[in-house]
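Below is one structure, written out as structure tokens, with a few remarks after it.
The values are calculated or read from the model by the stated rules, or taken from the named source; none is laboratory data. Because the structure is a prediction, the values reported are computed rather than measured. Because the Cβ atoms are built from the backbone with ideal geometry, glycine has one as well, and the counts that use them run over all protein chains shown.
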There are 4 protein chains.
Amino acid sequence: MTPVSFTCDYCEGAHPKILQRLLDTNMIQASGYGEDPFCFSARAKIREATCCPKADVFFLVGGTQTNATIIDSMLRGYEGVIAAASGHIAVHESGAIEFGGHKVITLPAKEGKLEAVTIEDYLKVFHADEAKDHMVLPGMVYISFPTEYGTIYSRSELEAIKAVCKRYGIPLFIDGARLGYGLQSPACDLTLPEIASLCDVFYIGGTKVGALCGEAVVFPRGNAPAHFFTTVKQHGALLAKGRLLGLQFDTLFTDGLYFEISRNAIEKATELKQLFLSKGIPLYIDSPTNQQFPIMTKEDLAPLEGKVLYEVWETLPDGRFVTRFATSWATSEAQIEYLASLL
Amino acid sequence: MTPVSFTCDYCEGAHPKILQRLLDTNMIQASGYGEDPFCFSARAKIREATCCPKADVFFLVGGTQTNATIIDSMLRGYEGVIAAASGHIAVHESGAIEFGGHKVITLPAKEGKLEAVTIEDYLKVFHADEAKDHMVLPGMVYISFPTEYGTIYSRSELEAIKAVCKRYGIPLFIDGARLGYGLQSPACDLTLPEIASLCDVFYIGGTKVGALCGEAVVFPRGNAPAHFFTTVKQHGALLAKGRLLGLQFDTLFTDGLYFEISRNAIEKATELKQLFLSKGIPLYIDSPTNQQFPIMTKEDLAPLEGKVLYEVWETLPDGRFVTRFATSWATSEAQIEYLASLL
Amino acid sequence: MTPVSFTCDYCEGAHPKILQRLLDTNMIQASGYGEDPFCFSARAKIREATCCPKADVFFLVGGTQTNATIIDSMLRGYEGVIAAASGHIAVHESGAIEFGGHKVITLPAKEGKLEAVTIEDYLKVFHADEAKDHMVLPGMVYISFPTEYGTIYSRSELEAIKAVCKRYGIPLFIDGARLGYGLQSPACDLTLPEIASLCDVFYIGGTKVGALCGEAVVFPRGNAPAHFFTTVKQHGALLAKGRLLGLQFDTLFTDGLYFEISRNAIEKATELKQLFLSKGIPLYIDSPTNQQFPIMTKEDLAPLEGKVLYEVWETLPDGRFVTRFATSWATSEAQIEYLASLL
Amino acid sequence: MTPVSFTCDYCEGAHPKILQRLLDTNMIQASGYGEDPFCFSARAKIREATCCPKADVFFLVGGTQTNATIIDSMLRGYEGVIAAASGHIAVHESGAIEFGGHKVITLPAKEGKLEAVTIEDYLKVFHADEAKDHMVLPGMVYISFPTEYGTIYSRSELEAIKAVCKRYGIPLFIDGARLGYGLQSPACDLTLPEIASLCDVFYIGGTKVGALCGEAVVFPRGNAPAHFFTTVKQHGALLAKGRLLGLQFDTLFTDGLYFEISRNAIEKATELKQLFLSKGIPLYIDSPTNQQFPIMTKEDLAPLEGKVLYEVWETLPDGRFVTRFATSWATSEAQIEYLASLL
């Protein structure tokens, strides 16, 4: 029997409604490169969902590509981007940001989250440094929502970061590869329009939230850098059949599907969390979103062998493992029950 | 009524068999980043179809991205790539090659095709130049098959180019974004295994030949550059749900589907060609593949207004238009007949 | 006996007055990175000589570096620079511009000179192209004064180019590696202040005009890009002991030394030209500056063997050689006479 | 009266013997780009001084440029360079390494020095990481000798680092911008040939050790990367009048001048150290080279106001200042006595 996988939130294909739309529209002829009716419709729906009637919306294919393209488009050559030392762009993107010539300026984070005070202290010291012209100018702040550790920023935390950015005149970029899972967390006190209003650019992750691929980049106030389309192409991030991306986001933003399926991941993650705690398995981080990090012993894990898949995040000095179990739009009750039956 | 479009070969979605496979496999859980059973199976089939049992096969998303990634992975920093002045990488990729730090060294081409003698002359002069260390070292030859003008290289032409490359110790890269349409042309005297044996890297285009997206990069003799996977990721060209690409190529290389649907495009293009000629409309280039370039007058084009879409390639001094009509796997007899009824 | 060299204009050390100043000031302690009294004084003198009281002036070390730094600082990532196909940045800088991510967009030139109409035609066609967003945006025009062929632009030619740049909103950059030799040509109808007023950035070449090294970059209207200093450092073009550069330009712009020594080169080149013509040796190009291009036969060159050095530019189909003889600030009457005695 | 400066080791011009040689050789005509007799002679002397008869030696202009060029020439696109978090390339080079597309992988250091165990631990964890193909491959180790804090590696420390590099198959690069000052420290148990034998590339700093400018890059075993000359040019680091660099290094490596003048800096630094300690002023770091870091109070510094210049490195929580006083080849006894008279 095939094992059940909790290794990530991109194990399955796409939400069935997306596949159905693909089938229904397949032979309709459409223009390429995002100039098709599906993209136009998806943009309109995203503008509405974000309460940003003037937003510039672009559809890119994947996360690393989107991060690299946005950052490169908004920074000048001599600028770098501030990120958590544990941030995705700092660690797991094979140097895609540096490939564009930009330094990732890493700052210490707490459970994956940058604090406003950390950023401000860095900027204050930087701008007071007599040698600053010999250093990389911090030209942007990058955070992810949720973070690598599944944690989310509260409204006041995000407002504080935005205020620091404003004081120093640099844009704030929110990587929303898992945005839906953040917004649907019961711990979240932010809405999608609020996210949009508190940053200069963000993206709505599709790949991890029900799409085959795709990330919707939003410049909330029509503030896309000049010639962003060309920059996207230059980065190899422009899909010829843009309809594939437009159709998916159009579907996800019809009747609140994006939020509905995100909610499923959160409900299942909450069940996972309770399951682990009920078995006396502690959590490494109290994640309120779809990634859970139980600390498991060899003995805990033995019954899962060949039956349930997960990721090992880290080995603790005492030999226990920090593991990651991710739920998604596709996680079923049966999968949770199966895991419960084994633990 | 919606107009019928001959503007390009990526107007529709995907071949129905691909959509069916997507439906059938949607909820199967699979690993990401190309480590899934669909990719493994597609690689095996491509190795078989190319008669390259040791080939390294990677699946990337789109053409510009694939060109930039391959070129950057195979060149050193001080090297550039030789291409036809009309080549896609030289003109229509927004500087994606230069973004990776490499010069595109353009040479004059004939109907889109580089000649071996042109390349050899350039290399001879270059290596005899006393100032050559102050110049960009030509480190690769890039050609496309078919070219931007729909033309294809004959076996002897390709052998001659390969021989020049070998003499100068530089790799030959074939951009096969429309490879199927080239191979299925009655004018083609090359097979897929021969293409593979006559170059150092090439790719099998999916986007323009029946897939939603995807290009299959083949290093025929297991000669992928070290850490090519990481380079792909660094270029933002690694798809998280690699299954989407694997599944499509697996389908296209099952029961010869790739060739079968390519043949449809060629048959329809041949009908187009005959249609134009029968109406006294001359062809700018005698293209043997799926792109046709009729020279049309204002009067010729008037009846198509709002009914049939095409591209204007160029305006001639006498006011006539070089237009492009592209067929594809999806072009139907009815579409050709509709056009015929209007002309 | 050592042969006499006419191979280039950087065969000797520096003008003796520069060496004397180096000796006189050697043990004075000064700040680094261009913040020393020599640089301050040189900047003031250059502002005066260019009639640009608000000019931003920076001192860089060499030509390729200066071209790459200026171009990268003024272009956005998606932009390229227009240059003559024979331009230095297009041919002899080892891809330094592409290293910064920018395409060199080459246009045909006449005797090394770009014509305003050629640039305008290119820009017109580009901006009318429906596919222009898939292409590199032309973001700057680069010309050199004098050109690779020793030719110079007339005032009306330069005004016409500037007018095109203005119409399209892109800056004009003049590479003045041999600026003095251009300005002192009897054929030149432009002054240094006029050069400054007709472009957006240019540099005054020191390396080829009497200095050990050094190029003075001038943004005539205080229009240096933000953080240009940091960009210079990032490009590895910032000299720690900036005094070396400041002192040289301060000396060259004291009592018109720069112009005086440039005049010597022109006088000697004029003698060279008359010498060749008097011997029945034709000129490949009628260069009005310090580089002369006599077309010599094997027989013409035989007596120079081991006695006089020059460069071979090109071999003509009839076997004759286009040679280059360069004079400089350091060329002496005796050297010319020696050559005359041999021919 | 002009204040006496201890701010850095590049306050003065060049050692008088260098200026004299410049005068003596000024009108000798020589080839450009490092192909002159001065460079040839300097290379021979450096090969002898390093006991590396097969060494490839190149002369570049400045430190940042040299670091960026070496690193870019030895890394592939997907590789990064390991450096101390306080290393020059990580902090004070305006992102010159990232400009070339490479990540600086920073590791914690002790008084500016990387420990072999830190590097090995990092490499071990990296290569054991399942996600390593998604990360920047560590492809080189960069250290400086002496470090930013004036500290030096002992022979056993350097051997240990070299052994780690060897185990992981990556080159070791030693930034020797202040190499002379390290080698002449009484605390140093390494010789120049030993330095050469324990790394894969290093450079002998000229700018800070008596030259106007210039760094001599040494690939000890003839192991320069292919086409390094072209890479140097591409980075804008190739000096046209290479003689200026060759002549300086030729002079510095005649009769042991480089070592002799380095010794002066060390003697003066030792006097400085004793002076501070004798006044009860503690040292932040016990630096055995030419940079001293006394911790001074406002009261300590008051008498220096307008008379002696130094750098403030850092302000301690208790309000005292970590200052830097640098000596050099040019520091005189009189300058030390003047400082002593004020403290």
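Details
- Residue match in the range C:40-58 (condition: within 14 Å of chain D (Cβ to nearest Cβ) and small (Gly, Ala, Ser)): no
- Every residue from the range C:6-34 that is in contact (Cβ under 8 Å) with a residue 40 or more places away in the chain, within 7 Å of another protein chain (Cβ to nearest Cβ) and over 22 Å from the mean Cα position of the chain (by Cα): C:22, C:25, C:30, C:32
Yes/no matrix, rows are residues, columns are (1) closer than 28 Å to residue D:211 by Cβ; (2) modelled with pLDDT under 95; (3) surrounded by fewer than 17 Cβ atoms within 10 Å (Cβ to Cβ); (4) outside the structural domain of residue D:51 (by TED's automatic domain parsing):
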| residue | (1), (2), (3), (4) |
| --- | --- |
| D:222 | yes, no, yes, no |
| D:234 | yes, no, no, no |
| D:241 | yes, no, no, no |
| D:280 | no, no, yes, yes |
| D:315 | no, yes, yes, yes |
| D:320 | no, no, no, yes |
| D:323 | yes, no, no, yes |
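- Count of residues meeting criterion [away from chain B (no Cβ under 11 Å), assigned to a loop (DSSP other than H, G, I, E, B) and in contact with a helix residue (DSSP H, G or I) (Cβ under 9 Å, 6 or more places away or on another chain)] in the range A:75-96: 4
- Counting only residues that are touching a residue at least 40 places away in the same chain (Cβ under 8 Å), within 13 Å of the chain's Cα centre (by Cα) and either more than 20 Å from residue B:252 (Cβ to Cβ) or away from chain A (no Cβ under 14 Å) (or both), the range B:59-74 holds 1 of them.
- Here residue D:125 meets each of (1) within 11 Å of another protein chain (Cβ to nearest Cβ); (2) outside any helix (DSSP H, G or I) with one exception, condition (2).
- Looking at A:50, A:69, A:64, just one residue is modelled with pLDDT of 95 or more, of a type outside the set (A, V, I, L, M, F, W, C) and under 24 Å from residue A:191 (Cβ atoms), and that residue is A:50.
- Of the strands (runs of 3 or more DSSP E) lying entirely inside the range A:143-261, the ones with 1 or more residues being under 30 Å from residue A:37 (Cα atoms) and touching a Pro at 6+ places or on another chain (Cβ under 9 Å) are found at A:201-205, A:215-219.
- Residue match in the range C:245-256 (condition: hydroxyl-bearing (Ser, Thr, Tyr), at pLDDT 95 or above and surrounded by fewer than 18 Cβ atoms within 10 Å (Cβ to Cβ)): yes
- Selected residue (criterion: nearest to residue A:259 (Cα to Cα)) from residues of the range A:136-190 that are in contact with a Ser or Thr (Cβ under 9 Å, 6 or more places away or on another chain) and among the acidic types (Asp, Glu): A:189
- None of A:117, A:81 is at pLDDT 95 or above, surrounded by fewer than 21 Cβ atoms within 10 Å (Cβ to Cβ) and within 27 Å of residue A:288 (Cβ to Cβ) except A:117.
- Scanning the range A:234-247 for residues that are touching a residue at least 12 places away in the same chain (Cβ under 8 Å) and either over 27 Å from residue B:68 (Cα atoms) or facing chain B (nearest Cβ under 9 Å) (or both) returns A:235, A:236, A:237, A:238, A:239, A:240, A:241, A:243, A:244, A:247.
- Residue A:133 meets the stated requirement of being assigned to a helix (DSSP H, G or I) and either under 24 Å from residue D:136 (Cβ atoms) or not assigned by TED's automatic domain parsing to the domain that holds residue A:289 (or both).
- Test for residue A:141: is it crowded, with 22+ Cβ neighbours inside 10 Å, among the β-branched types (Val, Ile, Thr), modelled with pLDDT of 95 or more and over 29 Å from residue A:268 (Cβ atoms): yes
- The listed residue being assigned by TED's automatic domain parsing to the domain that holds residue B:64 and under 26 Å from residue C:86 (Cβ atoms), out of B:171, B:138, B:146: B:138
- Residue ID - nearest to residue D:89 (Cα to Cα), chosen from residues in the range C:213-253 that are among the hydroxyl-bearing types (Ser, Thr, Tyr) and out of contact with any strand residue (DSSP E or B) (no Cβ under 9 Å at 6 or more places or on another chain): C:231
- Scanning the range D:1-32 for residues that are among the acidic types (Asp, Glu) and farther than 14 Å from residue C:25 by Cα gives D:9, D:24.
- Residue D:2 surrounded by fewer than 20 Cβ atoms within 10 Å (Cβ to Cβ), among the β-branched types (Val, Ile, Thr) and within 10 Å of chain C (Cβ to nearest Cβ): yes
- Criterion applied to A:94, A:41, A:86 was being surrounded by fewer than 23 Cβ atoms within 10 Å (Cβ to Cβ) and under 30 Å from residue A:136 (Cβ atoms), and the one residue passing it is A:86.
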